[in-house]
Each structure stands twice: as C-alpha cells, then as structure tokens.
Amino acid sequence: VPSLSDLCATCIAGNIDDFIIKNSDFPGHRYAWRSANFNVRIGTPAAERILQELSDLGLLENGHLVLFSERFASLKRVSIKNAHVGLHFLRIFLSNLKLAELSVGHMPEITVEDVMRSVRKDTFESLRSLDIGGMTMMHRRMLTMEFLARLRNLEALNVSGTIFDSECLCIVVKSLSRLQFLDISATSVDDISCLTALKTRMREIRMDRLSIRDPNQAAIALSTILELKELEKLSVVSDRVDLPRPHAANSLCKMDVLPNLRHLDISGNLFSLTTSDIDVFVETHPNLEVLALFYCRPNLSVQLNAVLAKHPRIAFIGDCCERHWLKTMQVCWDCPNQVHKAMSCILTAIQRGERV
C-alpha cells in the first residue's frame, strides 16, 4: 500500500500545472511553485519524490528542472529517466547540486560522459550511488572509466544495458574499493574473476544475461561467486543453455560458502545445478529466504517442488504453478524481469486453456 507521502507526490506530479506558476520575479527561472511565500523551499525527501514521479510519469520537461534547484528545493538524491530533458538544462541543473545518489537513464541524446561532465566537482566525493543503466556510452569507454574511477566513495553502481565489458569491470573494481552493490546485467562482461578483490565488501550482485556461453567462463564465474563471503543477494539469470556442471558446484554444500545469502535467482540454471545441489544448498544455508528458478526444464521444476516442500521457510518462485506466480509478484514486486516472467506464464497458461 503506498504511503501518504507517496500518494501526495504522485498527485502533485500528475497535476503539476496546478502547482506551479509562470515566474517573472526571478530572472532565468521560467516556473516557480505556487506559494504565497517565495522563500519556502521543498525539503528532502519530498522534493526528491516529486521529481522522480515527474520523471516516471514522462512529464518532466526542461522548464521543470528549475523547480528543484537550490532556490526552491533541497535535493540529495536525483532520479531522471525517460525524460524530455535537453543536455543544456540537465548540465545547469546538476552543476548546482551536491548529490549522494544519482540515477539517470534512457535519454538517447545524452551520454554517460555528458552526465559526468555536468555534475558538480564535490559530487565526485559525495556520491554514494550511481545508476546509469541503459545510458549510451561513447565508444571511448576508457574516458567513461576515468570518470567512474574518480567516484572513490561510491557504494552502489548500476551499469546494466551499457557497453560495459570485462576490462571496464576490472578498472571499476580496482578504483572503487567501497563498492557493495553492483548491477552488470545485459553487458558484455564475460569474466568476473576480478570481483574477488571485493570479497569482503560485496553485498548484492546482479549479473543477468551476461556474455557467458563457454563452460570455462561459467566455471570461473561460479568459483568467483563462491568467494564472496558477505553476499546477501545474487541474481544470475540466463537464457537456458546446456553447459556442463562446474566442479565448483560441489562446494555449494559447505556452510561457510555464501553464509549470508538471503535471495538467490538462478533462473536459466547457468551452472546446471541438480535438484540435489539445490537441496543441499538450502539445507546448509539457513539465512536463505527466496529462491528463484525460471526458464528451467519442466522436469526440474517438478522435482524442485518436491525438494522445497521440505523447506517451507523458502519462498520458491519459478515456472510451476499459480502459487509460484503469485509468490513471485508478492516477493519480487521490485524486480521487473521476474514479475514480467510470472505474467507471461499466466498468459501462456490462459492461452492453453489451463485454469490459473
């Protein structure tokens, strides 16, 4: 259920024209908030939530950015995606803010380099979270890496859906020693072995649909993952491929391997784990709460049902039945790929004339 503050932010964003006026009192400011007192500033997090809602609803325009400048609002976190905003206006906006979190994406005419050149100098020190998923990177990727390497205090990085590759990953890992969250999904990364340098730091990794097609690559990936002792969430979704089971899979039964893992998504079963592997892993990992396994062979789904019936504490979500689809949407409401898969399964079942 949305909170009252979220509902208010959605209402304001959806009716933005009712809350602003054309502004002639402050040169360079096209709009101002409709208020009897022009000295009023919208505080954090209300301003951040309204800005994000405007962006999410596709209503954010160049002229609106001034409403969230230091003159009218207080911001530490900025999220602008799928917005009709030009580089000139974005540059002016970002250059006047000291940010802790920045999420920018899906604006075809603006590149990662444009964003990095726009942020204020002290933001390179203050930034803790950067989401540039889906952004265009110039083919001079090393220039982008130079910018990213300057974010010494960064703890969370999302580069999914970009031309990020294994070389880029090595540079980032070497430069950003505080990194705890990483999303490299749908990139060209095929070697994650450098992540062992952060084995005492990493808390969450999403590496869905990487360019891993070779058995050796898969084996190295699994061996690397097993060294990340502090990992709490792991997503390794892949299109179903028939690769041999890596020898490292034998280590899954050890209690000191991934002892803190709470959420595991291995949809596609990249590492060709057996029901026995999964049974032992669940048995030896009492902190595990969610196991997702879509895109697997039907017989494996049926076998997993029987195995996981022994472990009622685990929320298993997969291809199998209505109960699992509903559980997917309840547990993984903030994971669009999994929710989309659950909805696709329901639609397929309906088309087949099955009861759901």
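In terms of modelled amide H atoms, which long-range or inter-chain residues lie less than 5 Å from the amide H of THR162?
GLY134
Give me the distance in nm between label points sitting 7 Å out from Cα along the Cα-to-Cβ direction at ARG117 and ARG178, one decimal.
2.7 nm
Distance from a point 7 Å along Cα→Cβ of ASN15 to each backbone N in the stretch 41-58: keep the residues under 13 Å and list them by number.
Taking a point 7 Å out along Cα→Cβ of ASN15, no residue of the stretch 41-58 has its backbone N under 13 Å.
Can you check how the C-alpha radius of gyration of the stretch 218-312 compares to 2.2 N^0.38 Å, as a plain ratio?
The reported ratio for this selection is 0.99.
Starting from the Cα of ASN216, step 7 Å along the direction of its Cβ; do the same at ALA306; then give the gap between the two resulting points in nm.
That separation, rounded to one decimal, is 3.8 nm.
Apply the Karplus parameterisation 6.51 cos²θ - 1.76 cosθ + 1.60, with θ equal to phi minus 60°, to every residue of the stretch 158-169 and state each ³J(HN,Hα) to the nearest whole Hz, in sequence, with x for glycine and proline.
Values, residue by residue: 10, 10, 4, x, 10, 8, 4, 9, 5, 5, 4, 4 Hz.
Identify the residues of the stretch 165-185 with backbone N under 12 Å of a label point that sits 7 angstrom from the Cα of ARG140 along the Cα-to-Cβ direction, or state none.
The answer is none.
Between the stretch 149-165 and the stretch 195-217, how many Å separate their Cα centres?
Their Cα centres are 14 Å away from one another.
If you stretched the chain out fully between SER276 and ASN82, how much longer would it get, using 0.36 nm times the residue separation minus the C-alpha to C-alpha distance?
65.4 nm
Under the 0.36 nm per residue contour assumption, what length would be gained going from the current alpha-carbon distance of HIS247 and GLU289 to full extension?
Between HIS247 and GLU289, full extension yields an extra 12.6 nm.
Compute the relative contact order of the stretch 2-133 as a whole-number percentage, counting only Cα pairs closer than 8 Å that sit 6 or more residues apart in sequence.
The normalised contact order for the stretch 2-133 reaches 20 percent.
We did not get these values from a lab; they are worked out from the coordinates using the rules stated. Bear in mind the structure is a predicted one, so any value in this text is a computation, not a measurement. Using ideal geometry, Cβ is built from the backbone for each residue, glycine included, and neighbour counts are taken over all protein chains shown.
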